[in-house]
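First up is the structure itself, then whatever we jot down about it.
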Amino acid sequence: MKILVTGGAGFIGSNVVDAYTGAGHEVVVVDNLYSGKRENLNPKARFYLMDIRSGEVGKLFEHERPDCVNHHAAQMSVPASVQDPVFDADVNVRGFLNVLEAARRCGTKKVIFISSGGAVYGDAREYPTGETYSPQPLSPYGITKAVSEQYLFFYNHQYGLDYTVLRYANVYGPRQIPHGEAGVVAIFMDRLINAKPCTLYHYADEPRGMTRDYCLVEDVARANLLALDKGSRGAYNIGTGVATHTAELFDSIYEAIKRRVKDLPPELKTPARAQARPGDLKRSCLNIGRAKEELGWLPGANLREGLELTLKWRLKK
Ligand SMILES: NC(=O)c1ccc[n+]([C@@H]2O[C@H](COP(=O)([O-])OP(=O)(O)OC[C@H]3O[C@@H](n4cnc5c(N)ncnc54)[C@H](O)[C@@H]3O)[C@@H](O)[C@H]2O)c1
């Protein structure tokens with residue numbers, strides 16, 4: 001199958017490209033390298049340096065005629081979306097619409113759209129949260145993801161374009177970058193390895209920090225493989241169903257690094273504290289029953305194993 005992956009030079013997208021090429025698919029990558037890196041690009045994939053908002057996207061689709069589009073390209077920072085909701089919507093909604101228009105015009109059969117389980121549900125009362133929970137996003141980023149899901153419904157209804165939505169939990173693992181506000185695993189790891197203090201964001205009533213559902217990127221990539229021919233017109237949570245407080249995560253990372261980096265300064269063991277930022281959810285954890293039943297997907301790694309694997313990659317860099 002020929003698959004066009006937008007955002008295929010990014011952290012998760014590039015791992016998905018590796019899984020697709022590894023399974024023998026022909027892969028085309030579209031990325032403007034806004035946060036993605038050339039070094040992440042799989043040499044077996046054809047790369048186009050292009051913005052998803054560009055007028056050239058239609059021509060590219062006409063030329064490549066992909067069977068399936070896997071849409072990972074996005075402005076993916078929650079705090080950045082609060083600061084500049086116009087830019088967030090421009091990339092995440094207008095850019096996605098540009099891709100959808102190109103896809104339906106050239107006869108693409110399916111779109112796999114990457115949404116966010118945390119950001120779309122908001123601070124859900126149902127916990128772990130299932131896919132039927134009514135979206136209550138608390139950030140412009142969550143709103144653009146929820147809206148994009150609705151566009152898919154329209155494109156299917158109007159043009160018969162098939163789709164699967166994957167609503168990710170907090171993804172971590174090899175290639176995640178520590179530069180930015182998102183990606184707490186990469187940020188903690190990078191700072192501790194460089195003997196710099198960390199900051200733990202929290203709400204006043206929960207000093208252990210927010211809870212998140214952490215899922216390893218290679219498990220997430222496997223869900224993208226399964227979604228190629230399963231999950232028609234469905235939305236699926238991709239997480240672990242296990243909630244971890246930020247303080248717990250920090251301790252696990254600190255201990256994992258301490259086992260390898262002998263001279264880690266002991267004062268780094270206590271992170272600085274700061275108030276949660278606008279848009280930060282208090283808690284997020286996903287019910288993954290539907291992905292198990294309908295996609296045949298289950299996460300393979302627990303957090304400890306996943307952190308070890310990530311640290312091994314980080315120390316080899
Ligand atoms: N990281 C997570 O925990 C997480 C959780 C839920 C959902 N997601 C979603 O997964 C997807 C990938 O996220 P990631 O963590 O790999 O981030 P990332 O920033 O590494 O990947 C995004 C990629 O999109 C590219 N891109 C951005 N704007 C573009 C544009 N206008 N045109 C073309 N390419 C553009 C970037 O260069 C980058 O390669 C995003 O849609 C994100 O919203 C991520």
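The values are calculated or read from the model by the stated rules, or taken from the named source; none is laboratory data. Because the structure is predicted, anything quoted here is derived from the model rather than measured. Quick reminder, even Gly has a Cβ in these numbers, built from the backbone with ideal geometry, and neighbours come from all protein chains shown.
For this structure, a couple of remarks:
- Answer residue from the range 1-43, given it is over 27 Å from A80 (Cβ atoms), of a type in the set (A, V, I, L, M) and in contact (Cβ under 8 Å) with a residue 60 or more places away in the chain and is surrounded by the most Cβ atoms within 10 Å (Cβ to Cβ) among those: I3
- Count - residues of the range 291-302 that are part of a helix (DSSP H, G or I) and crowded, with 21+ Cβ neighbours inside 10 Å: 2
- Residue count for the range 13-39, restricted to those that are among the small types (G, A, S), assigned to a helix (DSSP H, G or I) and under 20 Å from P178 (Cα atoms): 2.
- Test: residue in the range 281-290 that is loosely packed, with under 15 Cβ neighbours inside 10 Å and outside the structural domain of G118 (by TED's automatic domain parsing): no
- Scoring R105 on the criteria (1) touching a residue at least 60 places away in the same chain (Cβ under 8 Å); (2) in contact with a helix residue (DSSP H, G or I) (Cβ under 9 Å, 6 or more places away or on another chain); (3) surrounded by fewer than 23 Cβ atoms within 10 Å (Cβ to Cβ) leaves a single failure, condition (1).
- Residue in the range 214-222 that is closer than 14 Å to T164 by Cβ, of a type in the set (G, A, S) and not assigned by TED's automatic domain parsing to the domain that holds I253 present: no
- Within the range 196-212, one or more residues are within 14 Å of the ligand (Cβ to nearest atom) and either surrounded by fewer than 24 Cβ atoms within 10 Å (Cβ to Cβ) or farther than 26 Å from Y20 by Cα (or both).
- Count of the range 49-92 residues which are more than 12 Å from the ligand (Cβ to nearest atom), assigned to a helix (DSSP H, G or I) and farther than 18 Å from N32 by Cα: 7
- Strands (runs of 3 or more DSSP E) enclosed by the range 204-284 - at least 2 residues per element that are within 21 Å of the chain's Cα centre (by Cα): 214-216, 234-238
- Among the residues of the range 285-304, those that are touching a residue at least 60 places away in the same chain (Cβ under 8 Å) and more than 19 Å from the chain's Cα centre (by Cα) comprise G289, E294, G296.
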